[in-house]
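Enquirer: Sharing a structure here in structure tokens format.
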Amino acid sequence: MPNSNRREFLKSSAVATTAALAVPAIARAQGSPNDRVRVGLVGLGGRMSSHVAALAQMDKENVEIVAICDCDQDRLGSAADRYPGLAGKKLTTYTEQRKLFDDKAIDAVSFATQDHWHALQTIWACQAGKDVYVEKPATHNIWEGRKMVEAARKYGRMVQIGTQNRSSPNVMEGIRQLKEGVIGDVYMGRGMSYKLRGSLGKHAPRPVPKGLDWDAWVGPAKMVEYSNFQHLRWYWNSNFASGDIANQTVHDLDIIRWGMNLDQLPVKVQSMGGRYWPTDDDADTPSTQTFSCQYANRNVLVTFEIRNWYTPNEANMGDKYPFVSPGQCVGVIFFGSKGYMIIPDYSSFYTFMGENHEPGPSKAAEGHPMEDLPHFQNWVKAIRSRKATDLNADVEQGHFSTATCHLAKISCALGRGVEFDPKTERFVNDPEADKLLTREYRKPYVVPETV
């Protein structure tokens, strides 16, 4: 072999060896069903209970929870007591998530953390060769979503977003029938989230509790003084989240996009809203908001509305067809040329035909289950196949649904409609709006330009 060719061979061999060493065993084993998928958990709050419950049921499917991580040592120490699915498991514990990512014994990571952390955590985990399940909403801003997609593709990682409706058998059946024309040509999708929130309290600074690494908790966000409002009510604090416009909204908007084949971002968004009631708390995200979207080359309309106080229900959702929590009106209405379809929870659909709204095809599950288990099973299937197309809620779909919520957030903040270019993912001749595509990150917790 000529020296030049030999040098190139050795160089390519070294690169291949390095790449192989960087990829977890599950990715190198040709996707055999017998491969053990070892999962680490990050963020041990309330939502993690559903992750643990689902993953613990998959023990016979060769899935094992092997590590847990939280920057709050109290939560870390009490995890085995708070999550029955962890009972009897031998777990490695971490207070620093990047050490968990570096653990070669871990194949995948499941995140149930605050919105403002999702993008950077996902990127770090992908760079470390881990597959990722991350809760919704996928991002804190639009720019982050594209970085997450780039990281997943660059490192060949399976990144599933926690929009579990995509794996609900009954919802999947409803969407299949919708696309087959059960209610005719669909011309509009409407979503709603009407929940009683009440006063969310005041920010009252106090000492950081012992064992809580507040710097790590705040992470990429602007540093603020600790208080129970910051820690427990973070979802309605724009420093850490987007409020209800990207909370329940992203679930139902994802269903609308899925059902109407909207695999792109809208070109026009108009949103209005504010914090009208209650007004005696320190939450700074709207409690009442509405928005509408139009899409390029599609003669359809998408609308959404949130209300956090007393309100009537719509299409019998919230009373005859209750949400997971009775008394709340949450769901989706598809309007078609022959009738309409409602999806009022995570596990059912109903159709109503003609001007008399005669009941048509429907399917429901008793107790309105949230269907976490099939969504995690789908994630593990993709981990074994190494095919992102096997994911029901691939990161790019999560990005599109969450970014649509962020477009509404930006329009509302500016007090006017906005025009958007889905190809460049920037606003059309609108520097003021472009400034809101991302945020200023707090060092060293910076989402990188190049992932």
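Enquirer: For PHE335, indicate whether it is of a type outside the set (S, T, N, Q) and within 17 Å of the chain's Cα centre (by Cα).
Expert: On the way: of a type outside the set (S, T, N, Q): yes; within 17 Å of the chain's Cα centre (by Cα): no.
For PHE335, the condition - of a type outside the set (S, T, N, Q) and within 17 Å of the chain's Cα centre (by Cα) - is not met.
Enquirer: Another question, if that's okay. Considering (1) of a type in the set (Val, Ile, Thr); (2) closer than 15 Å to LYS268 by Cα; (3) not assigned by TED's automatic domain parsing to the domain that holds SER287, say which one VAL380 fails and leave the rest.
Expert: The number of the failed condition is (2).
Enquirer: Please work out if SER32 is farther than 16 Å from VAL132 by Cα, among the hydroxyl-bearing types (Ser, Thr, Tyr) and modelled with pLDDT of 95 or more.
Expert: The answer is no for SER32.
Enquirer: For a quick check of your reading of the model, give me the residue pairs whose first member lies in region 377-401 and is of a type in the set (Ser, Thr, Tyr), whose second is outside any helix (DSSP H, G or I) and at pLDDT 95 or above, with beta-carbon atoms closer than 7 Å and at least 6 apart or on different chains.
Expert: If the second residue must be outside any helix (DSSP H, G or I) and at pLDDT 95 or above, the pairs left are SER401/THR163.
Enquirer: Consider region 145-183. How many of its residues are within 28 Å of LEU373 (Cβ to Cβ), outside any loop (DSSP other than H, G, I, E, B) and not β-branched (Val, Ile, Thr)?
Expert: Selection size over region 145-183: 19.
Enquirer: Still on this structure, I have one more. In region 80-94, which residues are of a type in the set (Gly, Ala, Ser) and either in a loop (DSSP other than H, G, I, E, B) or touching a Ser or Thr at 6+ places or on another chain (Cβ under 8 Å) (or both)? Spell out how you get there, then give the answer.
Expert: Let us first name the residues in region 80-94 that are of a type in the set (Gly, Ala, Ser), namely 80, 85, 87-88.
Result: ALA87, GLY88.
Enquirer: List pairs: first residue in region 87-102 and crowded, with 16+ Cβ neighbours inside 10 Å, second residue among the basic types (Lys, Arg) anywhere in the structure, Cβ distance under 7 angstrom, at least six positions apart or on different chains.
Expert: PHE101/LYS130
Enquirer: Considering region 103-115 alone, what residues qualify as being in a loop (DSSP other than H, G, I, E, B) and surrounded by 14 or more Cβ atoms within 10 Å (Cβ to Cβ)? So that I can check it myself, show each step before the final result.
Expert: From region 103-115, those in a loop (DSSP other than H, G, I, E, B) are 103-107, 112-114; that's our starting set.
Across region 103-115, the qualifying residues are ASP103, ILE106, ASP107, ALA112, THR113, GLN114.
Enquirer: Does region 184-196 include one or more residues that are part of a helix (DSSP H, G or I) and either in contact (Cβ under 8 Å) with a residue 12 or more places away in the chain or touching a Phe, Trp or Tyr at 6+ places or on another chain (Cβ under 8 Å) (or both)? Quick ask: steps written out before the conclusion?
Expert: From region 184-196, those part of a helix (DSSP H, G or I) are none; that's our starting set.
Looking for residues that are part of a helix (DSSP H, G or I) and either in contact (Cβ under 8 Å) with a residue 12 or more places away in the chain or touching a Phe, Trp or Tyr at 6+ places or on another chain (Cβ under 8 Å) (or both), one finds none in region 184-196, hence no.
Enquirer: Of all residues in region 143-202, which are under 18 Å from TYR133 (Cβ atoms) and of a type in the set (Asp, Glu)?
Expert: GLU144
Enquirer: Determine, yes or no, whether GLY145 is buried (at least 19 other Cβ atoms within 10 Å of the Cβ), on the phi > 0 side of the Ramachandran plot and not assigned by TED's automatic domain parsing to the domain that holds ILE255.
Expert: Considered against the rule, which asks whether it is buried (at least 19 other Cβ atoms within 10 Å of the Cβ), on the phi > 0 side of the Ramachandran plot and not assigned by TED's automatic domain parsing to the domain that holds ILE255, GLY145 comes out as no.
Enquirer: Continuing with this model, one more query. Quick check on THR303: is it buried (at least 22 other Cβ atoms within 10 Å of the Cβ), hydroxyl-bearing (Ser, Thr, Tyr) and under 29 Å from SER167 (Cβ atoms)?
Expert: So THR303 fails the test.
Enquirer: Among the residues of region 436-451, write down those that are among the charged types (D, E, K, R) and under 23 Å from the mean Cα position of the chain (by Cα). Break it down stepwise before answering.
Expert: We begin by selecting, within region 436-451, every residue among the charged types (D, E, K, R); these are 439-440, 442-443, 449.
Those that are among the charged types (D, E, K, R) and under 23 Å from the mean Cα position of the chain (by Cα): ARG439, GLU440, ARG442, GLU449.
Enquirer: Which condition number does THR249 fail, the rest of (1) in contact with a Phe, Trp or Tyr (Cβ under 7 Å, 6 or more places away or on another chain); (2) touching a residue at least 40 places away in the same chain (Cβ under 8 Å); (3) surrounded by fewer than 22 Cβ atoms within 10 Å (Cβ to Cβ) being met?
Expert: Only one criterion in (1) in contact with a Phe, Trp or Tyr (Cβ under 7 Å, 6 or more places away or on another chain); (2) touching a residue at least 40 places away in the same chain (Cβ under 8 Å); (3) surrounded by fewer than 22 Cβ atoms within 10 Å (Cβ to Cβ) is unmet by THR249, namely (3).
Here is a yes/no grid of residues against (1) modelled with pLDDT of 95 or more; (2) surrounded by 16 or more Cβ atoms within 10 Å (Cβ to Cβ); (3) not aliphatic (A, V, I, L, M):
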{"residue": "GLY274", "(1), (2), (3)": "yes, no, yes"}
{"residue": "PRO278", "(1), (2), (3)": "no, no, yes"}
{"residue": "ALA283", "(1), (2), (3)": "yes, yes, no"}
{"residue": "PHE291", "(1), (2), (3)": "yes, yes, yes"}
{"residue": "ALA315", "(1), (2), (3)": "yes, yes, no"}
{"residue": "VAL324", "(1), (2), (3)": "no, no, no"}
{"residue": "GLY327", "(1), (2), (3)": "no, no, yes"}
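The values are calculated or read from the model by the stated rules, or taken from the named source; none is laboratory data. Bear in mind that the values here come from a model prediction, so they are computed numbers and not experimental data. Reconstructed Cβ throughout: ideal geometry from the backbone, glycine too, with neighbour counts over all protein chains shown.
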